[in-house]
Amino acid sequence: MIAVKEKSNKHEYVELLERMLLIRRSEERLALLAAAGQLPGAVHLYIGEEAVAVGACSVLQERDWITSTHRGHGHFLAKGGDLKAMFAEIWGKKEGICKGMGGSMHVADFSKGILGANGIVGGGFAIATGAGFGAKLRGDGRVVSCFFGDGAANQGVFMESMNISSAWGLPVIFICENNGLSEFTVSSTITGGKLEDRAKAFMPTKVVDGNDVLAVQAAVREAVERARRGDGPSYVEAKTYRIRGHLEAEDAMLGGGTYRSKEDIAAWQAKGKDPISRFETYLLGNGIVEASEVTALQDKIIRIVNEAVAYADAGEDADVTLAHSLMFAAQEA
Amino acid sequence: MPSKRMIAAINEALFEEMERDENIIVFGEDVQLAIMGDTRGLYERFGPNRIRNTPICEATLTGMALGATAAGYHVVLHMMFANFVYTGFDAIANQISKMRLMTGGQLKIPVTFLACYGGGGSNAAQHSDSAHPALMNLGGINVVMPSTPADAKGLLKTALRSPNPCFFLEAAARGGQMGEVPDGEHLVPFGKAALAREGSDVTLVTMGSATKWCLDAATSLGKAGIEAEVVDLRSLVPIDEEAILKSIAKTGRLVVVDESRDCCGAGSHIAAIAADKGFFSLKAPVKRVNIPDVAIPYAPAAELAVLPTPGRIEAAVRQLVG
């Protein structure tokens, strides 16, 4: 953890904790429901990586943009997306944020600057770069955060997007969530060199402990300030770990095979490693919050998650005609 | 009406619309000098914030086109040759054609793609394809293929005012073709075919580059007393089914002429429409004249042999009209 600021930052710290807890508890619920076969499609959970999205989005403004990934619930909630609308979407309901047309992998809220979660690994690079180009042309000081994983860093568009962002000084922050895994393969077995070195060719880089929400926040803050000043893109790599499988149906799909050990997972879940328990310990240890406040916060989050589940359960089934009517916007000319 | 080359009509549409709407920006490889001629002069007039050369990286450019719409721009992405659609296909097929539905209609995607297609220039296999069948099959993208300078101007102006992604495909071999072009405001709606020639014996349904071949074939057939009607679709997505069905109801015979390959080409789709909805109008089987399922060869004679040229069209018609 970086040095304690002041107790006067309490409000901000509690908000960071609350956001991380919201992601964790809502995804734990999704895991249970997925296992029970109650969700229509696949879910890719962000559990263990919450500090990255929360730390990064805490220094963005509502008008700033993000591009997200197939593991996008955390980004959506961290950027201010509505949990009820997200659950209704995953449930396939009309009340869903995408009217039930996108599902878990495509949660988006353009009004909050969330330019879509993306089922194509690396699909966000070029979209973020284009949005950054647009922001640069407008000169309005907006910035774009492009979340991607170490798996996506092996896509060619990563280099292409960094090249253009660098050549044109675009306000893009490339945030690599390095969880060491490319779907069901350990990334080190398929990756040459260091990811950071790829980015170094184009822009300033910083590698941080991705399970330390304040470290992520500090690194992204610096990158955002640089981008807003018009000084171009940055790369922030957050070292973290995915606790759940690539997707929730993973065990059934792997037929008994494994790509990592239970010990590896347990090590990242330890109290000193897990981004949430670790931040709680820090806040308690420094007298920033009381134990009773943490308990109250935990209860509040459970209530919010329960309400969101009830909301999604009570929703109407998605309109089956939308697939036809939504493909094109009404043509005026 | 002044007579202009096709490429000049396209250029005129870009100039007029960029003057009219300051949110239109153009980017792509070598657009500043404009090797095709279509974007020539735009850089001098509008400067680097409206038109800009990019690196050669189609896979990123297509995704960037989508991203830049978030800032309220209408993006014109010049893809140079239609073959490069394949290089940039991920963001076209997985992002641009799907993002609107996937997000429950949260966004509009005003992106106009320009790309030159087709054979006839000995550009060989990687610079001669017509990518329209792959684009038609996506569902979320308008595809237009003008055959005259006037339609080129009118369809492009419509595309540049559209809230939807559109591929404006320019026939590489027809840039110099002359025709009358209305000055100023001239819009051609999507999904409305043009009757390029009236006839009573057989219908030729075609689009873009192949329209000229059809008209040449029709002139030649006319001398032999066979009157061919030529329906120029102008836009493939949306497609004017009514115009196709109306013409075959009149002639009873259909030859589809299309500069794409045989398997799942545009012609296959048009033939299917006729079979599904026009079967009882037909006096003879539907014939397709297109490119066989081969790569386009380089040598001029070898290239010409695979294109849907007038000789092949005439031969197909003569099989139906005895």
Do any helices (runs of 4 or more DSSP H) entirely within segment A:269-333 hold 1 or more residues that are of a type in the set (S, T, N, Q) and either farther than 30 Å from B:Lys108 by Cα or in contact (Cβ under 8 Å) with a residue 12 or more places away in the chain (or both), and if so, which?
A:275-285, A:291-314
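Under 20 Å from A:Thr189 (Cβ atoms) and more than 22 Å from the chain's Cα centre (by Cα) - does that describe any residue in segment A:222-229?
Looking for residues that are under 20 Å from A:Thr189 (Cβ atoms) and more than 22 Å from the chain's Cα centre (by Cα), one finds none in segment A:222-229, hence no.
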I need the full set of residues from segment A:129-143 which are crowded, with 24+ Cβ neighbours inside 10 Å, facing chain B (nearest Cβ under 8 Å) and either of a type outside the set (Ser, Thr, Tyr) or without any contact (Cβ under 8 Å) to a residue 12 or more places away in the chain (or both), in order please.
A:Gly130, A:Ala131, A:Gly132, A:Phe133, A:Gly134, A:Ala135
If we keep just the residues of segment B:21-63 that are in a helix (DSSP H, G or I) and either under 22 Å from the mean Cα position of the chain (by Cα) or within 14 Å of chain A (Cβ to nearest Cβ) (or both), which is surrounded by the fewest Cβ atoms within 10 Å (Cβ to Cβ)?
B:Phe46
Select, from A:Ala117, A:Ala88, A:Ala126, the only residue that is in contact with a Gly (Cβ under 6 Å, 6 or more places away or on another chain), aliphatic (A, V, I, L, M) and facing another protein chain (nearest Cβ under 7 Å).
A:Ala126
Might you check whether a residue that is surrounded by fewer than 18 Cβ atoms within 10 Å (Cβ to Cβ), more than 11 Å from chain A (Cβ to nearest Cβ) and not aliphatic (A, V, I, L, M) occurs anywhere in segment B:95-117?
no
Residues that are over 20 Å from B:Asp240 (Cα atoms), at least 1 per element: which strands (runs of 3 or more DSSP E) completely within segment B:161-219 meet that?
B:166-171, B:178-180
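Yes or no: segment B:139-155 includes at least one residue that is charged (D, E, K, R), out of contact with any strand residue (DSSP E or B) (no Cβ under 6 Å at 6 or more places or on another chain), more than 9 Å from chain A (Cβ to nearest Cβ) and farther than 19 Å from A:Gly130 by Cα.
Yes: segment B:139-155 contains one or more residues that are charged (D, E, K, R), out of contact with any strand residue (DSSP E or B) (no Cβ under 6 Å at 6 or more places or on another chain), more than 9 Å from chain A (Cβ to nearest Cβ) and farther than 19 Å from A:Gly130 by Cα.
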Can you confirm whether A:Ala31 is part of a helix (DSSP H, G or I) and touching an Asp or Glu at 6+ places or on another chain (Cβ under 7 Å)?
yes
Just to check your reading of the model, which residue among B:Asp276, B:Asp293, B:Asp262, B:Asp258 is crowded, with 19+ Cβ neighbours inside 10 Å and not assigned by TED's automatic domain parsing to the domain that holds B:Ala152?
B:Asp258
Yes/no for B:Leu236 being of a type in the set (A, V, I, L, M) and surrounded by 15 or more Cβ atoms within 10 Å (Cβ to Cβ):
yes
Cβ pairs under 7 Å, 6+ apart, first in segment A:185-197 and more than 19 Å from A:Phe174 (Cα to Cα), second aromatic (Phe, Trp, Tyr):
A:Thr185/A:Tyr259; A:Val186/A:Tyr259
Quick one: which of B:Ile25, B:Ile51 is in the same structural domain as B:Gln95 (by TED's automatic domain parsing) and in contact (Cβ under 8 Å) with a residue 40 or more places away in the chain?
B:Ile25
Please enumerate the residues belonging to segment A:77-101 that are touching a strand residue (DSSP E or B) at 6+ places or on another chain (Cβ under 6 Å) and touching a residue at least 40 places away in the same chain (Cβ under 8 Å).
A:Gly100
For segment B:64-94, what are the residues that are at the interface with chain A (Cβ under 7 Å from one of its Cβ atoms), part of a helix (DSSP H, G or I) and hydrophobic (A, V, I, L, M, F, W, C)?
B:Met64, B:Ala65, B:Leu66, B:Ala68, B:Ala91
Failed criterion for A:Glu332 (all others in (1) on the phi > 0 side of the Ramachandran plot; (2) at pLDDT below 95; (3) not β-branched (Val, Ile, Thr) hold):
(1)
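The values are calculated or read from the model by the stated rules, or taken from the named source; none is laboratory data. A quick note: this is a predicted structure, and the numbers were derived from the prediction, not measured. Cβ: placed from backbone, ideal geometry, glycine included. Neighbour counts: every protein chain shown.
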